[in-house]
Structures are given as C-alpha cells and as structure tokens.
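A.B. asks: Just dropping this structure here.
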Amino acid sequence: MVNPGLHIDGLTGRWGSFRLEPVRMQVPAGAYAVLLGPSGSGKTTLLELLCGLRPPAGGRVELGGREITQADPAVRRIGYVPQEYHLFSGRNAEWNIRFSASMRNARGEAIEARFRRIVETLHLVPFLRQRVETLSGGERQRVALARALMTEPELLLLDEPVSALPESLRDPICRELKDLQTRLGVTTLHVCHNLDEALALGSHLVVMDTGRIVQEGSPQDILDRPASRFVAQFTQCKNLWAAEVRAGELWIQDTALGRGNWEDGSYWAVLRPEYAALSKTGLPGRVLESMRTCHAVLTHIELRGISLWACDDRLRAPGDPVGVTLPHERMHLIPRGA
Amino acid sequence: MGPENRVGGWRGRAFLSLVGASAAIYPLALAALLLCLAAYPREASFFAPWSEPAIRHAFLLSVVTSLAAAFLSLALAIPSGYVLSRYRIPGWRLVDILLYLPIAVPPLVLGVALLIFFQTAPGRFIEHHLLAFTFAVPGIILAQTLVSAAYAVRLCKLAFDGVPQKHAGVARTLGATRWQAFWHIELAESRSGLVEAFLLAWTTAFGSFGPVALFCGITRMRTEILSSSIFLEFSIGNLDNALILSLWMGSIAAVALLLVRGRTGKPIW
C-alpha cells in the first residue's frame, strides 16, 4: 500500500485572540513541503498542533494512514525541530541526541547503528562530548536535527531551522537539509518566512496568512498564479496592478493591453518581471531606473503611465527608450476581493 | 558635541560613580553590623556557650528542625512554584498574594494564627489523634515551614520561569511521558534554582524566632532553638553568650551559603 504521507482535514484551534481557520492540507510521503507565511500567521501554531503540543478544537490529522489527531506526542512518530532548537541545557550533545532512546529504554545494536549513522551524516562526532551551550548556531541546529531523527520519525517538522543562523551559513545548511531529506526519504514540513529559502527547498509550498492556508501548490504555481493579492505581494511580485476586463480586453489604468480569455470584471493583474520581454519593438516605454540584484538585472519602466519591472540582460540609463512585450498567456488575473 | 557627551565623558563617569556608591551602601552597612558584633568586647571565648548542655541541645534541635522544615518547604514549593510558573489557573492572583503573605506579615502573626488554629475543632482533632504540635517539636517544624516555604515558592517559581516551557514539549515529542519530561528536563534544568530555594528555606527556618517562640514556647531542653537561646541569654543579662551565639548563627549561614553556592557554580562573591 502506498504511504499517503500527511493528511490534514479541517484542523482548527483558538488561543486567546488567535484563531486557526480549518486547515486542509496534503503532504505526499517523502515530499519536502515548505509552509510559508509572515510572522504571526500561525505557522508555528500549526506545527505545535501537529506534534500534539496543543489540543485542536476540531478536525483530523492522519500520518501514514494512522489517525493521530488526539494521540499523545510521544507516540506520533513526528520529529520536531523547534525554532531556536530548544536543546536541553546543562547536557552534552550526545545526551541530547540519545534522549529519545533513553526515555524508551531502547538499547542494542540497532540503536547504536542508528546513532552512529546520524552523527556521522551530520558531522557531529567531534562535538558529542561538548555541552550544548558551547556549540555554535550551526552545530546546535545539527544536534537538534539529530535528536529528532533518532526517533525514526515518519514526519519531520522544522520550524525556521536556519533563521537563527548567520546569513552566510543559511545557504549551505539549506542544501545540507535538502540533501539529507532526499537520502533519508522522510516526509518533511519546513516552516519559514523567507521566499528564497522556500523556493530552494520546497517541492510543495503552502502559504499561510492570519491563521488560514491561502494557497498551496508547486513553487512555479505559486509564483506564476498567486491566488490572492496577499500571495502576490508576499511572493515579491513587483508587477501587481489594479486592472479591468471590459468586453474581453484587459485595461490597466487607461491602457488597453490586449485580449484574452477573461471574463469582464475587476482584477489584480500579476506578471512576474521575468516574463516581461524587452526589445526594440513592442510597446514603447521609458527606463526609470535599472538595478543589479543577486540573481538578475531589474529595469523599472514607465509604460503609458504604468509602472513595470522587467528582468534585463544589462543595466540601462534612466530615460532610455525601450520596447516592452507583455505576453497575455503569462498575465495572471486575480478577481478583486480574492 | 561637548566633552561631557563623549564616550567616557564626565556624565558617564558621574552616573557610574553615583550608581556604584549607592550600590555599596547596603553591603557596607551589613558588613559594619557584623564587624560590630564580632568586635564587641566580651570576656567569654568563642566556644564558651557550647559547654552548656542547653545550648548544645538548642543547636541540635535548630539544625534538625530547620533541615526538616527546609525539605518540607521544598516539597510544598516545587508544585506551587511550578503551577504559578506554568499555568494561569482561575484565581491565580489571589493564590499568588496568599503565598506572599507569610513574607509580608510579621512572623508573630503566623504564630498567633497557628495557636488559634489548634484551638479549633480540626486543630484539636489533629492534636489528639494525629500529632501534637502546640508547645512540641513538630510545632517548631510546622512554624518554621510556614515561614520558609513562602520564600521557597518565590525561588522555585523563578527557577521554573527560567526553563522554557517548550523544552518539556520537545521532550514529549521525543518519546518522554509527562512525568519523564518533568523529571529529566524541567526539574533537572531548574536544579540550581531549586538548590537556592532549599538554601534560603533552610536559613530562614534556622533563624526564625517569633512564630516558634509564640507557638511552641521557649522551654529549655525541650523547645528551645538557637534563635530562642539568643533571646533567653539576652533577657537574663548574659550578653556575652547572646553575642557569641549570634556570631555562630551568622557564621553557620555564611558557611552554608559558601558551600552551596560554590557547588552550584554561581559566583560566591
């Protein structure tokens, strides 16, 4: 039988003024899903519900076909790496990593082999005797991960695992995490609020806002077809315009941008900068500014009163004329109010 | 920018000097008092009171009852401190105030309250059928516990406040039961605070006088404890013995502080 992974159906909760709206979500077995959202959107709360650290008000959670909604945290087989890691202080790394085995009185060859495999994979051997307070951020993160992996989890929950690390360490550790997950094949739900981190890691993205899941899908889906203005803004889409469709024609401000298979109405029009093609032909625009970012050159263009960002192959001088082509098939319209 | 606003300018130095001088007042006053006590001219030697059987009995009784009271206080304070630290039960503010009262009210009031309680029907039942407290050794322990537990509760709460609640939660996701998480994580991680609580409870119990004297009396070779001895020696005009016993009490407390705080790794000085 195929392992169905994590299945959440209508999970709700309420704590003080915060309310978690019914969450429906599916993370296939072996997938690396990323739960993305701004601070205070309920990501950590959802993880705590999944671990059993908070009681749900309603709904159902299944993991690998087992219902675990009301199960004790100790028997859920969920490995949890909380934000700031929460290592057990006053103890060394080995004591922390062996904690789950010692609580279950588990001994023997299999446990030792698992322990050795995990500490070797995570390059923790030199630090085993060190007290956790003396470890660096990266080492602490690996100890927390090793501690969670010792439980042989069916699901690994990582709550902002790299946010406490220096910027320079985040990329390599994210790559290590992804590599490790691929090797172990454990279903993973990773929480973060950084889009680059989410795109680098996730095969499945879930976007959350004010206690509700607002969209889930592949990274490409979420970037190209945001379900709401919030998702478009949160995924840093620079081209987001108030638009109207009249008689099948798309209007932004007073400029008609062509016809498409759209119903008449008010929309938010979204076009990622990489799909706006710059050439000598196309609609005539004027360069406002041009800037270099880590990944591309971005050019800000004024096009018949519309402010537009496009990916470019070179820096341009302000005031330069430029032709812009806006492909209709790449234009995504979000009904206003969505 | 004037010189007074620069790093290390006179404004900064003035602030540090003022704070430093103010901070020194209290420890200096305490040191001066102890010095006066030690330097006061006396004829008897430092070990003279120990030749008296009544003083030796009072000392032993003080040690035994104060240790028993400290253990009892900790046994009461750990659950109370834990609940106050972790949960917001209905009426917790009232409970919090109630637990603070033994610190706020004069200790004599507790002695009076104990005497009154053991005149009521439940009190008389306990006295007749379970254990006699009034004017008896168990009463000393009871009175000392009532005073010292209030301090122990405060310190236990602070100790548990210092252990993130999430540690126990993480332990549970790692397979620990609720009890295992409490024992191996919450209690273990707060142990230095709990040792402090025990120590404070013990020193408070060791030095308590008012409620013990009122509730159990000061009967030589029976309910006289070391603090009562100081009072007795003073009241019969034996100033030397009163002074020496005061110094002994201070020294014992200081040595205990040194031993325990040194062992828990916190700075001694």
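The values are calculated or read from the model by the stated rules, or taken from the named source; none is laboratory data. Here the structure is a predicted model, which means the values were calculated and not measured. Reconstructed Cβ throughout: ideal geometry from the backbone, glycine too, with neighbour counts over all protein chains shown. Ligands, DNA and RNA are excluded from the accessible area calculation, which covers all protein heavy atoms including side chains. Shrake-Rupley method; radii C 1.70, N 1.55, O 1.52, S 1.80 Å.
A.B. asks: Quickly run through the stretch A:1-12 and pick out the residues that are closer than 17 Å to A:PRO153 by Cβ and in a strand (DSSP E or B). Break it down into steps so the answer makes sense when it comes.
C.D. replies: Initial filter on the stretch A:1-12 (closer than 17 Å to A:PRO153 by Cβ): A:3-8.
A:LEU6, A:HIS7, A:ILE8 - these are the residues of the stretch A:1-12 that are closer than 17 Å to A:PRO153 by Cβ and in a strand (DSSP E or B).
A.B. asks: Within the stretch A:129-142, does at least one residue satisfy the condition of being touching a strand residue (DSSP E or B) at 6+ places or on another chain (Cβ under 9 Å) and within 11 Å of chain B (Cβ to nearest Cβ)?
C.D. replies: Looking for residues that are touching a strand residue (DSSP E or B) at 6+ places or on another chain (Cβ under 9 Å) and within 11 Å of chain B (Cβ to nearest Cβ), one finds none in the stretch A:129-142, hence no.
A.B. asks: Same structure again: Of A:GLU67, A:GLU21, which residue is assigned by TED's automatic domain parsing to the domain that holds A:VAL191, within 22 Å of A:ALA232 (Cα to Cα) and of a type in the set (Asp, Glu)? Give the derivation first.
C.D. replies: Numbers: A:GLU67 fails: within 22 Å of A:ALA232 (Cα to Cα).
Only one candidate passes the filter, namely A:GLU21.
A.B. asks: Same structure again: Go through the stretch A:127-142 and give me each residue that's in contact (Cβ under 8 Å) with a residue 24 or more places away in the chain and crowded, with 24+ Cβ neighbours inside 10 Å.
C.D. replies: Quick first cut of the stretch A:127-142, residues in contact (Cβ under 8 Å) with a residue 24 or more places away in the chain only: A:127-133, A:135, A:137-141.
Scanning the stretch A:127-142 gives a single hit, A:GLN141.
A.B. asks: Might you let me know whether the stretch B:178-196 holds any residue that is closer than 15 Å to B:SER66 by Cβ and more than 14 Å from every other protein chain (Cβ to nearest Cβ)?
C.D. replies: No, the stretch B:178-196 contains no residue that is closer than 15 Å to B:SER66 by Cβ and more than 14 Å from every other protein chain (Cβ to nearest Cβ).
A.B. asks: Across the stretch A:87-109, what is the number of residues that are open to solvent by 10 Å² or more (accessible area, probe 1.4 Å), facing chain B (nearest Cβ under 8 Å) and not in a loop (DSSP other than H, G, I, E, B)?
C.D. replies: Within the stretch A:87-109, residues that are open to solvent by 10 Å² or more (accessible area, probe 1.4 Å), facing chain B (nearest Cβ under 8 Å) and not in a loop (DSSP other than H, G, I, E, B) number 1.
A.B. asks: Do we find a residue being in contact (Cβ under 8 Å) with a residue 24 or more places away in the chain, within 30 Å of B:PHE46 (Cβ to Cβ) and not charged (D, E, K, R) anywhere in the stretch B:156-172?
C.D. replies: No, that holds for no residue.
A.B. asks: So, in the stretch A:143-167, how many residues would count as being modelled with pLDDT of 90 or more and open to solvent by less than 40 Å² (accessible area, probe 1.4 Å)?
C.D. replies: Qualifying residue count for the region: 16.
A.B. asks: Hey, another quick one. Look through the stretch A:275-323, keep the residues that are acidic (Asp, Glu) and surrounded by fewer than 16 Cβ atoms within 10 Å (Cβ to Cβ), and return whichever of them is nearest to the chain's Cα centre (by Cα).
C.D. replies: Going residue by residue through the stretch A:275-323, those that are acidic (Asp, Glu) are A:289, A:302, A:312-313, A:320.
Next, from what is left, pick out any that are surrounded by fewer than 16 Cβ atoms within 10 Å (Cβ to Cβ): A:289, A:302, A:313, A:320.
Numbers: A:GLU289: 31, A:GLU302: 32, A:ASP313: 29, A:ASP320: 38 Å.
Restricting to residues being acidic (Asp, Glu) and surrounded by fewer than 16 Cβ atoms within 10 Å (Cβ to Cβ), the top hit is A:ASP313.
A.B. asks: Identify the residue in the stretch A:111-163 that is of a type in the set (S, T, N, Q) and over 14 Å from B:LEU174 (Cα atoms) and, among all such residues, is farthest from the chain's Cα centre (by Cα).
C.D. replies: First, pick out the residues of the stretch A:111-163 that are of a type in the set (S, T, N, Q): A:121, A:130, A:134, A:136, A:141, A:151, A:163.
Now drop any that are not over 14 Å from B:LEU174 (Cα atoms), which leaves A:121, A:130, A:134, A:136, A:141, A:163.
Working: A:THR121: 25, A:GLN130: 33, A:THR134: 30, A:SER136: 25, A:GLN141: 19, A:SER163: 13 Å.
It comes out as A:GLN130.
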